[in-house]
Amino acid sequence: MRNREQYVKTGMSRTEGMSRTEGMSRRESLRTCATLAVGLYVAPSVVMLAESGCGALSFSVSQPIPEQKIMGNILAGVLGAFLPSPFALQINLDQETKARGTGPADSAGLTGLSFQLTNIPNPPRSTDNFDFVDRIELFVESTKSGTTLTKQKVADLLSVPKGATKLTLTCYPEVDLVPYIKEGSRISSAAVGRLPANDTTFDGLVTILIRV
């Protein structure tokens with residue numbers, strides 16, 4: 001009787017009251033399920049961010065490539081090497097990591113290498129470009145006597161674009177340069193092409209990603 005009186009006072013029938021109570025329960029259940037679903041959706045993102053945050057640190061350093069000079073030859077002899085003067089990688093790994101407050105270098109890879117012509121006259125001549133070379137390959141090797149490190153290719157340009165005065169090579173960053181730098185390293189080259197008609201000079205820039 002008391003329950004019946006309550007329904008009468010509120011102007012609701014017993015059926016309406018029960019329906020409203022069931023509706024509220026259903027809404028609460030849906031809200032709980034939605035909260036759980038959001039939790040399940042967000043959780044993987046948080047895990048991925050945490051994992052990415054724990055990844056290895058890395059930073060890049062650059063080194064200018066000393067100017068190179070290929071002597072001109074009106075007979076257009078065979079071009080044996082693209083770099084007449086192989087150059088050393090002069091990256092001081094200890095100095096670079098200490099300057100950034102990180103641990104020692106775990107590995108390092110070549111991520112950028114470019115060349116550009118220098119001393120181009122004004123106006124430029126029709127031969128002031130890299131058309132004399134068709135293919136370029138660059139290698140890293142140790143300068144230490146009796147080393148067990150093998151010579152490895154670190155960059156190439158298999159098809160040199162015509163009329164170019166600047167070249168960007170494809171790099172192979174998976175080749176670890178740390179052991180070569182520690183022993184003393186040299187970047188040498190091989191090329192396919194013909195000697196230019198005029199003396200040609202160029203310099204460049206090399207970029208190395210250091211992982212700690």
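The values are calculated or read from the model by the stated rules, or taken from the named source; none is laboratory data. No experiment lies behind these values; they were computed from the predicted model shown. Note: ideal-geometry Cβ built from the backbone for every residue, glycine included; neighbour counts use all protein chains shown.
Numbers at a glance
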quantity: Of the criteria (1) touching a Phe, Trp or Tyr at 6+ places or on another chain (Cβ under 8 Å); (2) more than 19 Å from Asp203 (Cβ to Cβ), which one Leu110 fails; calculated: (2)
quantity: Gly163 being within 20 Å of Ile65 (Cβ to Cβ), in the same structural domain as Gly72 (by TED's automatic domain parsing) and among the small types (Gly, Ala, Ser); calculated: no
quantity: Members of region 97-124 that are under 15 Å from Leu209 (Cβ atoms), β-branched (Val, Ile, Thr) and assigned to a loop (DSSP other than H, G, I, E, B); calculated: Thr102
quantity: Of all residues making up region 70-112, the number that are closer than 21 Å to Asp176 by Cα and of a type in the set (Gly, Ala, Ser); calculated: 7
quantity: Test: Leu177 is touching a strand residue (DSSP E or B) at 6+ places or on another chain (Cβ under 6 Å) and either on the phi < 0 side of the Ramachandran plot or buried (at least 19 other Cβ atoms within 10 Å of the Cβ) (or both); calculated: yes
